[in-house]
Amino acid sequence: MIGEKILKLRKSKNLSQEELAEQINVTRQTISNWELGETIPDLKQAKVLAKVFDTSVDELINNDNLSKKVDETINSTNKILKIVKTILIILVIIIIIALLVGIFIFESLDYFEATPSGSSVIATCTYNNEPTTYEVHKDYQSGNISLITTNQEILTKFKPYDYINEQKMLDDITNYIENNGGTCDNNLSSK
């Protein structure tokens with residue numbers, strides 16, 4: 001574009017390439033290269049050209065086309081940004097919906113109700129002036145019985161492998177404690 005502008009302005013001033021080259025202090029080949037669009041003048045040369053042609057540098061380099069290209073680039077960029085913004089908003093909405101659906105499904109499933117793995121019976125007794133809890137547990141899968149307490153005497157005296165039924169073992173423990181001066185609550189619980 002600038003080459004065509006230089007050619008047009010040179011001819012309007014009735015200047016040959018050699019005459020213009022002398023005024024600007026460049027070679028005739030440089031003028032030819034500019035007019036053919038092979039090269040363009042630098043800023044200093046553009047200022048001298050503008051002075052020779054009685055025009056502005058903006059007019060010489062046709063700044064309007066440059067402005068149009070910048071505007072087109074800005075418009076294209078803005079369109080792309082709007083598309084990306086829309087896509088991001090849609091993705092955020094999809095993620096929020098997925099999370100809400102996931103929470104709803106998770107809460108509607110009964111993950112927290114497990115099949116019992118066994119049963120336990122519990123009693124709280126006071127023996128030797130010390131309140132203690134006694135829990136006898138039976139595992140459904142293995143059938144094993146276990147005793148949970150901090151009272152070492154009871155742990156030594158009653159062996160879980162001697163029992164088949166957890167309630168029978170707890171009854172024997174509470175009877176022993178009550179027969180030896182202790183007291184047990186009558187509220188035996190089962191879980």
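The values are calculated or read from the model by the stated rules, or taken from the named source; none is laboratory data. This is a predicted model, so every value here is computed, not measured. Here the Cβ positions follow ideal geometry from the backbone for every residue, glycine too, while neighbour counts run over all protein chains shown.
For residues that are at pLDDT below 95 and not in a helix (DSSP H, G or I), tally how many sit in region 27-44. Qualifying residue count, region 27-44: 6.
If you go through region 141-175 and keep only what is within 55 Å of the chain's Cα centre (by Cα) and acidic (Asp, Glu), you end up with just 166. The numbered conditions (1) among the aliphatic types (A, V, I, L, M); (2) assigned to a helix (DSSP H, G or I); (3) at pLDDT 90 or above are all true for residue 15 except (2).
Taken over region 29-57, the criterion of being of a type in the set (D, E, K, R), in contact with a helix residue (DSSP H, G or I) (Cβ under 9 Å, 6 or more places away or on another chain) and under 14 Å from residue 3 (Cα atoms) is satisfied by 35, 38. Among residues of region 73-122 being modelled with pLDDT of 90 or more and part of a strand (DSSP E or B), the one that is nearest to residue 154 (Cα to Cα) is 122.
Results for (1) of a type in the set (Lys, Arg); (2) surrounded by fewer than 17 Cβ atoms within 10 Å (Cβ to Cβ), shown as yes or no for each residue.
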residue	(1), (2)
1	no, yes
6	no, no
10	yes, no
14	no, yes
17	no, no
23	no, yes
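For region 166-191, taking the residues that are at pLDDT below 90 and in a loop (DSSP other than H, G, I, E, B), the one that is surrounded by the most Cβ atoms within 10 Å (Cβ to Cβ) is identified as 188.
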